[in-house]
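Notes to accompany the following structure.
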Amino acid sequence: MSEYKRTETILIVDDNEMNRDLLVGVLDRDEYQAVTAMNGQTALDLVQAHDVDLILLDINMPHMDGYEVCQRLKADERTMDIPVIFISALGETDDIVKGFDVGGGDYITKPFKFREVLARVEGQLMLYRQKRQIEAMMKRERHQHKVLDELRKQFIGSATHDLKNPIFVISGYLDMMERQPTITENERMQGYVNAMRRGVDKMNHLVRDMLDLLQLEHGVVLDKVDYVFSAFVRESVQDMVMRAKEKGLDFSVDVPDDKATIAIDPKRMNRVLDNLVSNAIKYTPEDGSIRVIAYLDEDTAALEVVDTGLGIPNESLATLFDPFQRVETVEHMEQEGSGLGLSIVKAIVEQHEGTITVQSEVGQGSTFRVELPRGLISGISDV
Ligand code: ADP
């Protein structure tokens with residue numbers, strides 16, 4: 001609060017000397033310092049050179065009237081926030097309305113009533129102080145957020161780096177054990193080895209996802225090529241068809257029947273489809289269905305993964321693409337997951353300058369939609 005204890009400077013702009021003196025008499029007191037300008041241009045020059053907290057601005061002045069001064073103040077980023085109180089002749093309703101229109105915060109009328117002048121000045125200054133306090137708070141919060149985000153990245157970076165090596169070692173020994181006849185013959189031992197394998201694979205995935213996300217957040221250079229869109233979609237979901245069928249899900253792919261191309265980094269985009277379809281399979285109970293739909297127009301390609309699964313509650317939608325966010329219902333949590341998949345998907349889509357959206361209804365299913373600019377490297381559109 002201490003920064004607002006300083007004396008606040010009030011600029012009085014009036015071509016009439018008597019009015020200026022009267023207002024200085026009222027306002028030049030402990031907490032305020034009154035300065036004056038006899039015309040609009042002097043006032044504009046003054047606010048550029050000095051910190052001013054409030055302006056009392058006469059409407060009727062020669063050369064440049066109060067409205068114009070106010071408009072110029074509001075058009076300049078450095079002065080737009082300074083509150084303006086117009087000085088108007090009594091009963092001039094049109095003056096007052098126009099004053100508000102051009103950005104005035106309040107008005108006082110002549111002849112001045114001193115207590116009213118003080119009350120209105122204090123009212124505007126209070127608003128201005130609050131506004132600055134809120135802005136300072138928001139700035140502090142943005143800074144803290146940046147610091148925390150940096151810490152998070154550093155933490156994930158060093159933790160994953162330190163984990164990579166031991167996972168590699170355990171995985172290597174597991175490979176050896178899996179090839180040992182004494183273990184593969186012994187059912188109980190085999191069970192232990194299988195459990196360890198599952199654990200190591202899970203850790204491996206998590207570490208890979210965390211490193212990928214960090215890399216994407218720092219910005220990667222995409223390895224783009226022009227790719228036939230329908231072929232890309234078909235190839236990307238190929239491996240998933242079996243998994244869906246095994247779970248008793250109906251799986252269909254609906255892609256354009258042409259050779260239209262799109263510029264993508266196929267490895268990374270494959271990850272997008274893989275994650276979206278894997279999720280659809282994971283979060284859709286038996287007997288449900290999954291549809292992958294793709295279409296293009298002149299400039300844009302769109303991809304939809306539609307399922308008839310668990311759906312996502314409204315309150316989870318806003319943070320769904322943030323790292324480590326999972327829907328915490330019993331049914332969702334029964335499925336294994338880290339909550340990193342969708343943040344990686346979003347980062348990849350955004351690196352392609354595309355967008356991802358989701359529509360979902362609990363118990364009915366979800367539709368994830370990716371839109372990508374075709375951004376052809378060859379520059380030739382074949383739609
Ligand atoms: P996870 O590894 O947990 O699946 P994701 O980042 O891929 O992580 O997804 C975040 C959360 O969003 C999931 O935990 C799940 O609760 C929800 N979710 C994602 N896709 C679907 C879907 N198709 N249907 C229902 N819920 C989904």
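The values are calculated or read from the model by the stated rules, or taken from the named source; none is laboratory data. Since the model is a prediction, treat every value here as computed from it, not as a measurement. We place every Cβ from the backbone using ideal geometry, glycine too, and count neighbours over all the protein chains shown. The area values use the complete protein model at the heavy-atom level, side chains included, leaving out ligands, DNA and RNA. Shrake-Rupley method; radii C 1.70, N 1.55, O 1.52, S 1.80 Å.
Listed values, structure above:
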quantity	calculated
Sulfur and carbon atoms: percent of accessible area, the chain [1.4 Å]	52
Per residue, in Å², the accessible surface of the chain once ligands and nucleic acids are set aside, probe 1.4 Å	58
Burial ranking of peptide ranges 220-226, 81-87, 139-145, 319-325 (average Cβ count within 10 Å, highest at the top)	81-87, 319-325, 220-226, 139-145
Enclosed volume per residue, in Å³, of the convex hull spanned by Cα atoms of the range 126-199	82
Helix-only CD estimate at 222 nm, as mean residue ellipticity for the chain, using -39500 (n - 2.57) per DSSP H run (n ≥ 4)	-17000 deg cm²/dmol
Estimated distance in nm for a label pair at ILE380 and ASN186, the labels positioned 7 Å out from Cα along Cα-to-Cβ	6.5
Cα point-scatterer Debye curve for the chain, base-10 log of I(q)/I(0) at q = 0.07 Å⁻¹	-0.60
Percent RCO, i.e. relative contact order, over the range 225-380, from Cα pairs under 8 Å lying at least 6 residues apart	26
Charge tally in the Cβ shell below 13 Å around LEU249, where Lys, Arg are +1 and Asp, Glu are -1, LEU249 excluded	0
Peptides ranked, highest mean first, by Cβ atoms within 10 Å: ranges 102-108, 128-134	102-108, 128-134
Semi-axis lengths (Å, descending) of the ellipsoid that matches the C-alpha gyration tensor of the range 180-302	34, 21, 13
Relative contact order (%) - the range 9-112, alpha-carbon pairs under 8 angstrom, separation at least six	24
Cβ crowding within 10 Å averaged over residues, with 114-120, 361-367 ranked highest first	361-367, 114-120
Surrounding net charge for PRO285, when Lys and Arg each add one and Asp and Glu each subtract one, Cβ distance under 13 Å	-4
Separation in nanometres of the label points that stand 7 Å from Cα toward Cβ, at MET176 and ASP299	6.0
Cα-only Debye scattering, the range 9-112: base-10 log of I(q)/I(0) at q = 0.12, 0.13, 0.22 Å⁻¹	-0.33, -0.39, -1.21
Amide proton proximity set for ASN60, modelled H, under 5 Å, gap of 5+	GLY66
Where N is the number of residues in the range 225-380, Cα Rg divided by 2.2 N^0.38 Å	1.02
